[in-house]
1. Excluding same-chain residues fewer than 8 positions from Lys240, which lysines have a Cα within less than 20 Å of its Cα?
2. Relative to the first principal axis of the alpha-carbon coordinates of the chain, what is the inclination of helix 129-139, with its axis defined by its Cα atoms, in degrees from 0 to 90 and to the nearest 10?
3. How far, in degrees from 0 to 90, does helix 71-87 lean away from the longest principal axis of the Cα atoms of the chain, to the nearest 10?
4. For segment 238-361, what is the charge dipole size about the Cα centre, in debye to the nearest 20, if Lys and Arg each add +1 at the Cβ and Asp and Glu each add -1 at the Cβ?
5. How large is the dipole of the chain about the Cα centre if only Lys and Arg carry +1 and Asp and Glu carry -1, each at its Cβ, rounded to the nearest 20 debye?
6. Which one, Pro68, Thr53, Asn225, is farthest towards the positive end of the dipole of the chain when Lys and Arg carry +1 and Asp and Glu -1 on their Cβ?
7. Taking amide hydrogens as modeled 1.01 Å from N in the peptide plane, which residues meet the under 5 Å criterion relative to Val233, leaving out close sequence neighbours?
8. Treating only the Cβ of Lys, Arg, Asp and Glu as charged (+1, +1, -1, -1), what charge dipole size does segment 352-458 show about its Cα centre? Round to the nearest 20 debye.
Amino acid sequence: NLCTFSAEWFSLPVYLKNKIFTMPQFLAKRYNGTVSTIMAVIWLLIYVFVNLTSIIYLGALAISSIAPISFEYCVIGLSLFSVIVTLGGMKVIGYTDMFQVIVLILGGLVTTYLALTLLSEQFGFGKDIIKGLGVIADEAPGHLHMILEKSNPHYSELPGMSVIVGGMLINNLAYWGCNQYIVQRALGADLKTARKGILFAAFLKLLVPIIAVLPGIAMYVMHENGMFQKEMVDAAGILKPDHAYPTLMNLLPAGLKGVALAALTTAIVASLAGKANSISTIFSLDIYKKYFNKNASEKKLVRIGRLAVVVAMLIGAVVAPSLKSLDQAYQFIQEYVGFFSPGVLAVFLLGMFWKKTTASAGLAGALLTVPIAAVLKFLPVWTNGAFPDFPFLDRMTITFFIIVFLMVAISLLRPESKEQHETHTIEVDTAMFKVSSEFIIGSFIICGVLVALYTVFW
């Protein structure tokens, strides 16, 4: 949520002031076309091989667990449905998002209630949601900590304070402030409306612990006590945490289960359509028009964008089944997006707020983020443990500061001429950073809730 505020407070005004519509467009204006193209390719690879594939996989897994439809047919159906919605444009995606948010929140709250009352009932307290919370506190106290000690077996996934001020901060700032998928929604509105929308999104994120985390912990407790043994494993008998939520949804009453299934399908399609729309925008404007047809008409770009959507979704559908070998798909998304996020954030932050940053520095930041992150990940293996095996969030922090240091050093050692500097200047209007009193009040309320949550569940 803090990253949400930061993104809209500082990044959004800069984009709107400079009439930026895609993230590569910002990089072309601030640095040069080479930096823009490299980052455009990186984003396309992330969207297709990480985001699309993982969303298709998780969506097909959930739907096939709830409905009598095979995993393969779910993959095909979700991909086709998403292509149709994407080709309808951002307006259709917007309405789809609005519908799925309403139904998903209601369905999520019902699922949480069901999980807690079932847990309470299994421990002999009847259908009492408060008793269910008490059972979680008694049976899984270690799962209620938001900041983990090094002795915790899951420290590598959530390494202590890095959850607040380290890699998680870097990852979220890059996601909320430098991600075409997120930013394009805000750029479709004026600054005031966009800020209201992102503030509302920050409020909705406060519901995630209730509608996602609590049911997960409840399922863990029930599984540890002998329930859902068959439902939580795959065909090979391997325990799959990704099966937890679909298993819970199978317990919903018939009518409500149908509504939840519809909401889940809509949410999956909306997420896929949003990613596909970003792929379409970046490929048509930042790749095709720039390198293949500089004089392409708007209609031609639309057709190319639609073709890019179809191809990207086809690749995602083909690759998605291979993710069955993963323990948790969400962890896969976070770790491998984390190879790119430090460099993306460094390039954007220095480009926006340090005028001396040069195009050479931006190019170095774009090119080095993956190699540095990869070396930090695999060096412990290559050195037989001589090099420390850092948690992936800590690797992101180290990568970010290495890239910032290198970009600053390159900019100072090889400064641009005055003419070059003036060519690649981003206009910053500090007056646009001012926010309304309503926004400030809303921000303080949300931050207060966050402080309370971390205080109670530290």
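1. Lys230, Lys324
2. Between helix and principal axis, roughly 80 degrees.
3. Approximately 40 degrees, to the nearest 10.
4. That gives segment 238-361 a dipole magnitude of about 620 debye.
5. Once rounded to the nearest 20, the dipole reads 1660 debye.
6. It is Thr53, whose Cα lies furthest towards the positive end.
7. The list, which skips near neighbours in sequence, is Lys240.
8. 240 debye
The values are calculated or read from the model by the stated rules, or taken from the named source; none is laboratory data. What you see is a predicted model; the values in this text were computed from it and never measured. Using ideal geometry, Cβ is built from the backbone for each residue, glycine included, and neighbour counts are taken over all protein chains shown. Just the protein is used for accessible areas: all its heavy atoms, side chains included, with ligands, DNA and RNA removed. Shrake-Rupley method; radii C 1.70, N 1.55, O 1.52, S 1.80 Å.
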